[in-house]
Amino acid sequence: MRTRIIGAIIAIILAVVGGVALYLYVQDADARAARGAELVDAYVVTTMVPEGTGAEAVREVLEVDQIPRNAVPEDAVTDLADLDGLVTSADLLPGDLLRQDRFIDPADLATGTVAVPPGMQLVSFTLPADRVVGGEVSVGDRIGMVGTIEPDEVGDQEDVINPVTSFAFHGVLVTRVQGVVRTDPESGEETDQNSDANIMLTIALNAHDIERWVWFTEGEAANYAQMWLTLENDQTDNSGTSPVTGSNAF
């Protein structure tokens, strides 16, 4: 009987000692692993980002997470300023590490497209390059649109022209840019892409804004309205705008 009790006590002691030894081994293994895999900060995408999205917009869907150094690619972005002026070259998915090779110059996407935001429709139009910020507008940019109309005001003797200029749209997404080379109607020769050349843009608008934009473009064709584009960004201040006429232009 006494022998059995002693044996049971020894077994319990061995079990406790074995459990403690295993715990210490695991703790030491975790410590060794941590020493061998230093954690570093990395930018991680939290929401799906479509191809052609500007870096400024991508910043809004990033979070900083700690990743083992040996799991961070060499081209991982460490300074968001390095992406200024670039757009995504492919869709970014939730959980993706932010990498330099996923961004390119917007000019490289000039003949490409970006995803249409939900609920939006696409519409295209053509303007001279000097009205499209000298042709500097690229896929993924956000633009403002300024329109001038010339309504006739009936006077005593003849119609009085009093043009009205105002912003019609702000923050419009450009989904496609195409240079349209102008052809001389007499010689048939094509001119180079310069300030006289035309640029075709495709933009995304909601249904009612499509109607408003078509109204402006129809007016352009009838020499009734004139349109100019501006290039906007996240820091653009659009406050304080109001219609301008001959009575308040100066």
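Since every read-out is calculated from the coordinates, none of them should be taken as a lab result. Just so it is clear, the structure is predicted and the values come from calculations on it, not from any experiment. Heads up, the Cβs are rebuilt from the backbone with ideal geometry, glycines too, and the neighbour counts pull from every protein chain shown.
Quick notes on this structure:
- In sequence order, the stretch 200-215 has phi-based couplings of 9, 10, 10, 10, 10, 9, 7, 4, 5, 5, 4, 4, 5, 5, 4, 4 Hz under the Karplus curve 6.51 cos²θ - 1.76 cosθ + 1.60, θ = phi - 60°, and Gly or Pro positions carry x.
- Using the alpha-carbon positions of the stretch 61-146, Rg (one decimal) and Dmax (whole number) come out as 16.5, 52 Å.
- Derived scalar couplings ³J(HN,Hα) [the stretch 83-97; Karplus, 6.51 cos²θ - 1.76 cosθ + 1.60; whole Hz; x for Gly, Pro]: 9, 3, x, 9, 10, 6, 8, 7, 5, 9, 9, x, x, 5, 6
- The string of couplings for the stretch 58-69 from the Karplus curve (6.51, -1.76, 1.60, θ = phi - 60°) is 5, 4, 6, 10, 10, 9, 9, 10, 9, 10, x, 4 Hz, one whole number per residue in order, with x for Gly and Pro.
- Prolate/oblate/rounded call for the stretch 39-109, Cα gyration tensor, a/c under 1.5 rounded: prolate
- Amide hydrogen neighbours beyond the local backbone of L39, cut-off 5 Å, H modeled: R69
- Order of D234, D65 - criterion: other Cβ atoms within 10 Å of each residue's Cβ, fewest first: D234, D65
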